[in-house]
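Below: one structure, written as structure tokens.
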Amino acid sequence: MLPMNGGKPNNRRVVAARVLAAWLLLMGLGSFTAAAQDAKDYPTKPIRFIVPYPPAGGTDVVARILSEPLAAALGQPIIIDNRGGAAGNLGTDLAAKAAPDGYTILFTLSSHTINPKLYDKLPFDVERDFVPVSLAALSPQILVAHPSVPANNMRELIALAKAQPGKLNYASVGTGSPAHIAGELLKLKTGVDMVHVPYKGGGPAIADTLGGQVQLAIVTLPAAIQYVKAGRLKALAIASDKRSAAAPDIPTIAETVPDCVVNSWYGALAPAKTPAAIVAKLQAAFVKVLAMPEVKEKLFAQGAEAASSTSAEFASRIHAELTQWEYVIREAKIKVE
């Protein structure tokens, strides 16, 4: 409230207040104009994609498939920077602390929403410290069985597991992985008792399933589909909410066990406070690239389906999964070693 003098405003103070307001408005418009100009010129140098996993893994493969067409769409090179370690947490922390200027992007997978509920203290917050850019691809988890297992579908497997509690075991690529989450969610939904056997990667998990050391495995579709086609493993179901275009004859677990869904994805996020106009430009590039037939074909060859999204849609998915995986991890008593 402006000071009053004898019932009348102090003219000097009124003028000063108006000058200050005009200055603040101009400063705000100046900042907005500068941000808009930055976004208009963006990018002017190479963009680094931090992949928080080692080379040759699924996240790295998808990132490299997209890097060349994204570079063409944006007019600058995309540099893949593999920063593996601590189940993806080291690279994720590096990206969270990067300058929010659009030149450092986190390219990760769905463990991004599992790790915060699995590890007690992380140096970053996946919602507070990142702004989602776009989904990139969906890659379903598949439940396969050694041919000796006397079950050919989910109903038969559930009946077998209930008749032999604790006798069946299933391999995954590691504790807290999307595959492990899928297995534990299945146990929670059906009440079956199966033993989890964690491996360090899909290759070793599949090798022991092929050899009969474990009876079942939950891995990404690309890791197992060749053995399914060769008749060396039996495909029982995939964990996604819909059948995969890469293997449409394989049913989903949810067709037998409602709401037993673990959608595995790959996607891009920017550090928090990255200007919205830059995020929008990046998101538009993802939409353009993921609509290209040649990109779809390359992803399809890896058992993945191209899938872009808006930033808001991606943020909604992340928020929902954080709640969902907190429940599974708590109820299944999943602990990292």
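The values are calculated or read from the model by the stated rules, or taken from the named source; none is laboratory data. This structure is a prediction, so every number in the text was calculated from the model and none was measured. No Cβ is skipped: glycine too gets one built from the backbone with ideal geometry, and neighbour counts run over all protein chains shown. Calculation scope for accessible area: heavy atoms of the full protein, side chains included, ligands and nucleic acids excluded. Shrake-Rupley method; radii C 1.70, N 1.55, O 1.52, S 1.80 Å.
When residue 155 is tested against the conditions (1) part of a strand (DSSP E or B); (2) more than 19 Å from residue 50 (Cβ to Cβ), the lone failure is (1). The set of residues in the range 155-175 being within 26 Å of residue 200 (Cα to Cα) and either of a type in the set (S, T, N, Q) or in contact (Cβ under 8 Å) with a residue 60 or more places away in the chain (or both) consists of 157, 169, 172, 174, 175.
Is it the case that the range 256-272 has a residue that's outside any loop (DSSP other than H, G, I, E, B), without any contact (Cβ under 8 Å) to a residue 24 or more places away in the chain and of a type outside the set (Lys, Arg)? No - not one qualifying residue is present in the range 256-272. Scanning the range 56-96 for residues being among the β-branched types (Val, Ile, Thr), crowded, with 20+ Cβ neighbours inside 10 Å, free of Cβ contacts under 8 Å to residues at least 60 places away in the same chain and touching a helix residue (DSSP H, G or I) at 6+ places or on another chain (Cβ under 6 Å) gives a total of 1. Residue 280 passes every criterion in (1) surrounded by fewer than 21 Cβ atoms within 10 Å (Cβ to Cβ); (2) in contact with a strand residue (DSSP E or B) (Cβ under 7 Å, 6 or more places away or on another chain) apart from (2).
Of 43, 9, 69, all but one fail to be out of contact with any strand residue (DSSP E or B) (no Cβ under 8 Å at 6 or more places or on another chain) and at pLDDT below 60; the exception is 9. Report yes if some residue within the range 208-229 is surrounded by 15 or more Cβ atoms within 10 Å (Cβ to Cβ), without any contact (Cβ under 8 Å) to a residue 60 or more places away in the chain and more than 19 Å from residue 181 (Cα to Cα); otherwise report no. Yes; the residues of the range 208-229 include at least one that is surrounded by 15 or more Cβ atoms within 10 Å (Cβ to Cβ), without any contact (Cβ under 8 Å) to a residue 60 or more places away in the chain and more than 19 Å from residue 181 (Cα to Cα).
Look at the range 324-337 and say how many of its residues are closer than 17 Å to residue 121 by Cα and either at pLDDT 95 or above or assigned to a helix (DSSP H, G or I) (or both). Qualifying residue count, the range 324-337: 4. The residue that is farthest from residue 133 (Cα to Cα), counting only those in the range 314-329 that are open to solvent by 80 Å² or more (accessible area, probe 1.4 Å) and touching a residue at least 60 places away in the same chain (Cβ under 8 Å), is 326. Residue count for the range 277-292 satisfying the condition of being part of a helix (DSSP H, G or I) and free of Cβ contacts under 8 Å to residues at least 40 places away in the same chain: 1.
Search the range 153-207 for residues being closer than 20 Å to residue 220 by Cα and of a type in the set (D, E, K, R), and hand back the single one that is most open to solvent (accessible area, probe 1.4 Å). My answer is 200. When the strands (runs of 3 or more DSSP E) confined to the range 103-145 are screened for residues that are of a type outside the set (S, T, N, Q), in contact with a Phe, Trp or Tyr (Cβ under 6 Å, 6 or more places away or on another chain) and within 16 Å of residue 318 (Cβ to Cβ), those reaching at least 1 such residues are found at 104-109, 130-138.
Identify, please: which residue in the range 247-300 is small (Gly, Ala, Ser) and under 17 Å from residue 138 (Cβ atoms) and is, among those, nearest to the chain's Cα centre (by Cα)? Restricting to residues being small (Gly, Ala, Ser) and under 17 Å from residue 138 (Cβ atoms), the top hit is 267. Among the conditions (1) within 15 Å of the chain's Cα centre (by Cα); (2) under 26 Å from residue 242 (Cβ atoms); (3) open to solvent by less than 10 Å² (accessible area, probe 1.4 Å); (4) of a type outside the set (Gly, Ala, Ser), the only one that residue 105 does not satisfy is (2).
Evaluate the range 53-65: report whether one residue or more is among the polar types (S, T, N, Q) and at pLDDT 95 or above. No, the range 53-65 has no match at all.
Residues of the range 241-253 include at least one that is open to solvent by less than 20 Å² (accessible area, probe 1.4 Å), without any contact (Cβ under 8 Å) to a residue 40 or more places away in the chain and of a type in the set (Ser, Thr, Tyr). Of the residues examined, residue 275 is one that is open to solvent by less than 60 Å² (accessible area, probe 1.4 Å) and out of contact with any strand residue (DSSP E or B) (no Cβ under 9 Å at 6 or more places or on another chain).
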